[in-house]
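Peer 1: Quick one: this structure, given as structure tokens, is what I'll be asking you about.
The values are calculated or read from the model by the stated rules, or taken from the named source; none is laboratory data. Values in this document were obtained by computation on a predicted structure and should not be read as measured data. Glycine gets a Cβ as well: all are built from the backbone with ideal geometry, and neighbour counts include every protein chain shown.
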Amino acid sequence: MSRLTVMLGIVGIVGLPLTLGGCAGALLVGALAGAAGGGYAAAQERGVNGAVSDLQIETNLESAFAAADPALNEGITTTVYQGRVLYVEVAPPRATWDVTKDAWITARIRSELMLDPDIRSGNYTIDTQKGSVYLIGSARSQAELERATRIARYIPDVRRVVTYVELRPGAPVAEQPLPSPARAGSSAPIQSPQGS
């Protein structure tokens, strides 16, 4: 009897969005996806605040493009990581097969990075356009950066790899202490450690 109860529970959870219909089902699925996305953002070096800030920058830029000329958003992809913006122009529009192949390349690189214990994969954003892979993010060491670049380079159908990755040894940005308010507003000069 317990097996039947478990199966009914699973069917109920999976089928709940379908049975609720309309917005209620979408809200439930959206809430679950949001919780997973929040966990992913928290695991990144930039933290949740950095991810939210980057999303806000990306949204503002794409809105500005749409206000200037709605066709601009079709030919440009925007990626933002730690306040750094990567624009990639794609002209003319790509065929469905090319878009699918690029998505496959991105997914393959993401999975390889996630499986490598020496790479903190959450710190990398991957954008693939016409076989060109753009890595943006932060690496904890030069060895990690070289390893991530090598993984991307050896995926089939990758034409080139362009890295816009910062080296950030030490504590992740999200774990670093915030500057004190008195120090941040101070205009007093700061002496160098060597004493000038």
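Peer 1: Only residues that are of a type in the set (Gly, Ala, Ser) and modelled with pLDDT under 80: list them for region 67-94, please.
Peer 2: Ala71, Gly75, Gly83, Ala91
Peer 1: Another one. If I filter region 115-122 for residues that are closer than 19 Å to Thr79 by Cβ, in contact with a strand residue (DSSP E or B) (Cβ under 7 Å, 6 or more places away or on another chain) and of a type outside the set (Gly, Ala, Ser), do I get at least one hit?
Peer 2: no
Peer 1: Contact list please: Cβ distance under 8 Å, first residue in region 109-128 and in contact (Cβ under 8 Å) with a residue 24 or more places away in the chain, second residue surrounded by fewer than 17 Cβ atoms within 10 Å (Cβ to Cβ) and assigned to a strand (DSSP E or B), pairs at least six apart or on different chains.
Peer 2: Asp127/Thr77; Asp127/Leu86; Asp127/Val88
Peer 1: In addition: Any residue at all in region 121-130 that is among the aliphatic types (A, V, I, L, M) and either farther than 19 Å from Asp54 by Cβ or assigned to a loop (DSSP other than H, G, I, E, B) (or both)?
Peer 2: Narrowing region 121-130 to residues among the aliphatic types (A, V, I, L, M): 126.
Adding the requirement that they be either farther than 19 Å from Asp54 by Cβ or assigned to a loop (DSSP other than H, G, I, E, B) (or both) leaves none.
Scanning region 121-130 turns up no residue that is among the aliphatic types (A, V, I, L, M) and either farther than 19 Å from Asp54 by Cβ or assigned to a loop (DSSP other than H, G, I, E, B) (or both).
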